[in-house]
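**Student:** Pasting a structure below so you can have a look.
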Amino acid sequence: MKTQQVKNIYAVTLILLDALLVGVAFILAYELRVSIPWPAPVENLAPLSSYLGLIGLQMVTTVAVLMFNRQYVVPRTVSRVDQFYSVTASVTLATIFSVAILAFIFKGTQLEVDYPRVMVLYGWLLSIILVVFGRTVHQMIRYELRERGIGKDRLVVVGTGDVARIITQRIQWSPQLGYELLGIIADDAANGSFLGLPILGTEEDLPALIEKLDID
């Protein structure tokens, strides 16, 4: 399977996972609102089915905001702190949009009067927790698959100078980046190897090597 196809699968599964976890978060939020009488016992709470519109809208808006924030351009590696802030900002904005849209659509109806504000608060918090957790697991699975050679970019480094040395060593020391380093392109192809990697040829050989070795 081509590397780009694997990346597309990663992006689609991440979208589906985010949407699913947001839905689960709001179902759990409903159950929490029923179970916890805070800030006051709930009265005349509509059945869960009445809030499916809110849940569906929250799922769609969350995915849309994450997509707008380029959170489905699957990175090679990402800081968990950065991911937490990105998810928090996106879920918060999506929740505001969802509540605003529903408040406008159902203005003056019974659903607006009985709207469970605390449930939205629970849903917002649980969405952040579950989406961050789900994305962490998704990232771990991607790393594991890369370790097995699935989804790696086939790569050559051009040059043998200091910059080439730094780049080559960084790739060798960081398998989670998802590169399969095939070799080196150098002006002097007679040396045989560079940092344990074979010298594949010169820059003039690149077009043929890209085709022959399927270099990304």
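The values are calculated or read from the model by the stated rules, or taken from the named source; none is laboratory data. Remember, predicted model here, so these are calculated numbers, not experimental data. Note that each Cβ is placed from the backbone with ideal geometry, even for glycine, and that neighbours are counted across all protein chains shown. To get the accessible areas, we keep the full protein, side chains included, count just its heavy atoms, and leave off ligands, DNA and RNA. Shrake-Rupley method; radii C 1.70, N 1.55, O 1.52, S 1.80 Å.
**Student:** Apply the Karplus parameterisation 6.51 cos²θ - 1.76 cosθ + 1.60, with θ equal to phi minus 60°, to every residue of the stretch 54-60 and state each ³J(HN,Hα) to the nearest whole Hz, in sequence, with x for glycine and proline.
**Tutor:** 4, 5, x, 5, 5, 4, 5
**Student:** Calculate how steeply helix 3-35 sits against the longest principal axis of the alpha-carbon atoms of the chain, using the helix alpha-carbon long axis, and give the answer as 0 to 90 degrees to the nearest 10.
**Tutor:** Value to nearest ten degrees: 20.
**Student:** What FRET efficiency do you get for Ala46 and Leu17 if R0 is 22 Å and r is their Cβ-Cβ distance, rounded to the nearest 0.05?
**Tutor:** 0.20
**Student:** Another question, if that's okay. Roughly how many Å is it from the Cα centre of the stretch 162-188 to that of the stretch 71-92, as a whole number?
**Tutor:** Answer, in whole Å: 27.
**Student:** Further question on the same structure: If the convex hull of the alpha-carbon atoms of the chain is projected onto planes in all directions, what is the mean projected area in square nanometres?
**Tutor:** It is 15.2 nm².
**Student:** For n ≥ 4 DSSP H runs only, could you compute -39500 (n - 2.57) per run for the chain, divide by its residues and tell me the 222 nm figure to the nearest 500?
**Tutor:** Calculated mean residue ellipticity at 222 nm is -20500 deg cm²/dmol.
**Student:** Once the piece of chain linking Asp82 and Val24 is laid out straight, how much longer is it, given 0.36 nm per residue of separation minus the C-alpha distance between them? Numbers along the way, then the final one.
**Tutor:** Details: separation 58, 0.36 × 58 = 20.88 nm, distance 2.35 nm.
Contour length minus Cα-Cα distance gives 18.5 nm.
**Student:** Please report, in whole Å³, the volume per residue of the convex hull around the C-alpha atoms of the stretch 4-54.
**Tutor:** Cα convex hull per residue, to the nearest whole number: 81 Å³.
**Student:** Would you calculate the separation in nanometres between label points at Ala208 and Met67, each defined as 7 Å from the Cα along the Cα-to-beta-carbon direction?
**Tutor:** Rounded to a tenth, the inter-label distance reads 4.5 nm.
**Student:** Based on the mean of other Cβ atoms within 10 Å per residue, sort peptides 207-215, 123-131, 23-31 so the most packed one is first. Before the final figure, lay out the partial values.
**Tutor:** Numbers: 207-215: 12.2, 123-131: 21.8, 23-31: 19.7.
Ranking the peptides 207-215, 123-131, 23-31 by packing returns 123-131, 23-31, 207-215.
**Student:** Show the residues, 5+ positions off or on another chain, whose built amide H is closer than 5 Å to the amide H of Val158.
**Tutor:** Correct list: Ile185.
**Student:** How much accessible area per residue does the chain have, counting only protein heavy atoms and a probe of 1.4 Å, in square angstrom? Numbers along the way, then the final one.
**Tutor:** Details: 12440 Å² over 216 residues.
Value for the chain: 58 Å² per residue.
**Student:** Counting only residues 5 or more places away or on other chains, whose amide H sits under 5 Å from the amide H of Glu180 once H atoms are built in the peptide plane?
**Tutor:** Excluding prolines and chain starts, which carry no amide H, the hits are Asp153, Arg154, Leu155.
**Student:** Continuing with this model, one more query. Would the stretch 9-136 count as rounded, prolate or oblate if I go by the C-alpha gyration tensor, calling it rounded below 1.5 in a/c and otherwise prolate when a/b exceeds b/c, oblate otherwise?
**Tutor:** In terms of gyration-tensor shape, prolate.
**Student:** Another question, if that's okay. Could you derive backbone 3J(HN,Hα) for the stretch 125-135 from the dihedral phi with the Karplus parameters 6.51, -1.76 and 1.60 (θ = phi - 60°), listing whole Hz in sequence and x where the residue is Gly or Pro?
**Tutor:** After applying 6.51 cos²θ - 1.76 cosθ + 1.60, I find 5, 5, 4, 4, 4, 5, 5, 4, 4, x, 5 Hz.
**Student:** Using a basic spin-label model with each label point 7 Å from the Cα along Cα→Cβ, how many nm lie between Glu144 and Ile36?
**Tutor:** Once both label points are built, they end up 3.2 nm from each other.
**Student:** Per residue of the stretch 170-183, what does 6.51 cos²θ - 1.76 cosθ + 1.60 with θ = phi - 60° give for ³J(HN,Hα)? Whole Hz please, x for Gly and Pro, Karplus curve as stated.
**Tutor:** Karplus values, whole Hz, x for Gly and Pro: 4, 5, 5, 8, 10, x, 5, 5, x, 10, 9, 7, 8, x.
**Student:** Cβ under 13 Å from Phe133's Cβ, Phe133 left aside: what net charge do those residues give with Lys, Arg +1 and Asp, Glu -1?
**Tutor:** So the surrounding residues net to +1.
**Student:** Choose one answer from Arg165, Arg142, Arg33: the residue with the largest mean-square fluctuation in a GNM of the chain with alpha-carbon springs under 10 Å.
**Tutor:** Among Arg165, Arg142, Arg33, the largest GNM mean-square fluctuation belongs to Arg165.
**Student:** Can you pull the percent of the chain's accessible area that's carbon plus sulfur, 1.4 Å probe, other chains left in place?
**Tutor:** 65
**Student:** Also, I was wondering about something else. Could you tell me the convex hull volume per residue, in Å³, taken over the Cα atoms of the stretch 124-176?
**Tutor:** That works out to 105 Å³ per residue.
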